[in-house]
Structures are given as structure tokens and as C-alpha cells.
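The values are calculated or read from the model by the stated rules, or taken from the named source; none is laboratory data. Treat the numbers as computed from the prediction; the structure is a model and nothing was measured. Glycine gets a Cβ as well: all are built from the backbone with ideal geometry, and neighbour counts include every protein chain shown.
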Amino acid sequence: MSSRPSPPGATRAPRRDALRNDVIVIKAARAVFAEQGPQASMETIAARAGLGVGTIYRRFTGKDALLDAIARLIAEEMDEAAAAALADPDPAAGLERFLDFVGSFNAEERRYAASLADRVPSDDEVSTRTADRIRQLTQKAVEAGYLARDVTADDIKALIIAIRAVVAASPDGDDAPWRRFVRLHLTGLRADPERARRTWPSPPGRA
């Protein structure tokens, strides 16, 4: 006797449910870690997600796996922000909005930002793509006359790293320090005629 064929899509439903639960768990973990730091328990994350702890462990081996997933999600969000900035017809506005995104997400994740470091390799596809977008965005800002001609993508990447440090050293919930830091740093990178005419100390041995 032949068995009755499964309805179309029947085998896909569990997979869809699992993926939907993944999204719920990662969102909950991100919120809990932002509030309590990486020491938050899996039980707290499960309660926030509205799922059983066993359900989470079936998809994630532990907090380390959750942090990997969050780091990947943030890397993708950063790439999307860089793409949106690059698409802006005003390179200056695009660059400033991108740096605002960098500062804002670091402020939101500051309680566990150190636990996210180096989880997405620099040679990973999304990291490589983001780096290329930053390079293009910097070049557009230079060509538009917003940034000085000698500014490179490495300068912007250094600024991104510095923003993280400023956020980490600032009082919790206070965005003013990193916003001021970005504003001052961009002022120093701008293609300002007055800046070009300044006389800087000559290196030792040069007139």
C-alpha cells in the first residue's frame, strides 16, 4: 500500500519555524545583552524570547554562538548602512550619516561590545564588501571637496575604531562625547582652505 504524499510545503514548515525562532532569539539576546552585558543568562534570554531554554539550545550551543550570530547581524547592518551612505547623492551627508550609525550602534551595544570583537573576520565576504564601500564613500567625499585630498579610507576606518573607544569611555546613555568627537575629527579631515595654509612644525632635520 502506497503512503499518502505529503502536502506541498509540509517539509518546509519546520524549517521556516526554526528560522523564525532564530530571529526571535537573536533579537531577544541582543536586547538582553545590551541591558545586562554578556553575563546575562540563557534563561533570561529565553524568557525575553518567549521560548523554552531547550528550544534555544537546539539552535544555539550557548551564549558564544549567540554572540557570533549577533556579530554577524551587526556586520550586515553596517554593510547596509555603508551602502545607503554610498547611494546618497551628497557624499558629505552620506558619510556623516554612516558615522552616526557607527556611533549609535556602538552606544546601544556598549555593555557587551568587547564580546563582539573579532567575531567576523576582516577577510569575510561582508567585511570585505563593507571595506570597499567605505573606500568608495571616502573617495566620493574627497572628489566632492568635502574631505581633504590626502584623506583615505584608512583614516575613516581609524575614526570608526576611535568612536568605539570614545563610546566605551563615556557615561552610559551619554551620546554627547562621541558625537562631539566625530564632529571635531571630521573638521580636521575637511578640505578647508584655512587648514591648508596652516604652518605645521617641520619634521626633524628639515627646514
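Of these, 2, 41, which one is modelled with pLDDT under 95 and surrounded by fewer than 17 Cβ atoms within 10 Å (Cβ to Cβ)? Reasoning before the result, please.
Details: 41 fails: modelled with pLDDT under 95.
That would be 2, the only listed residue that is modelled with pLDDT under 95 and surrounded by fewer than 17 Cβ atoms within 10 Å (Cβ to Cβ).
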Flag if residue 35 is surrounded by fewer than 16 Cβ atoms within 10 Å (Cβ to Cβ), outside the structural domain of residue 114 (by the TED database) and part of a helix (DSSP H, G or I): yes
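Run down 149, 111 and say which single residue is under 29 Å from residue 36 (Cα atoms) and outside any helix (DSSP H, G or I).
111
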Within the stretch 162-206, considering residues that are exposed (fewer than 11 other Cβ atoms within 10 Å of the Cβ) and β-branched (Val, Ile, Thr), the one modelled with the highest pLDDT: 187
Give me a count of the residues in the stretch 113-142 that are closer than 15 Å to residue 166 by Cα and surrounded by 19 or more Cβ atoms within 10 Å (Cβ to Cβ). 1
Scan of the stretch 52-85 for residues that are more than 16 Å from residue 105 (Cβ to Cβ), surrounded by fewer than 17 Cβ atoms within 10 Å (Cβ to Cβ) and not charged (D, E, K, R), ordered by number: 52, 53, 54, 55, 57, 61, 62, 65
State the number of residues belonging to the stretch 55-90 that are at pLDDT below 95 and over 25 Å from residue 40 (Cα atoms). 0
Which residues, taken from the stretch 152-171, are in a loop (DSSP other than H, G, I, E, B) and either within 26 Å of residue 111 (Cα to Cα) or among the charged types (D, E, K, R) (or both)? 170, 171
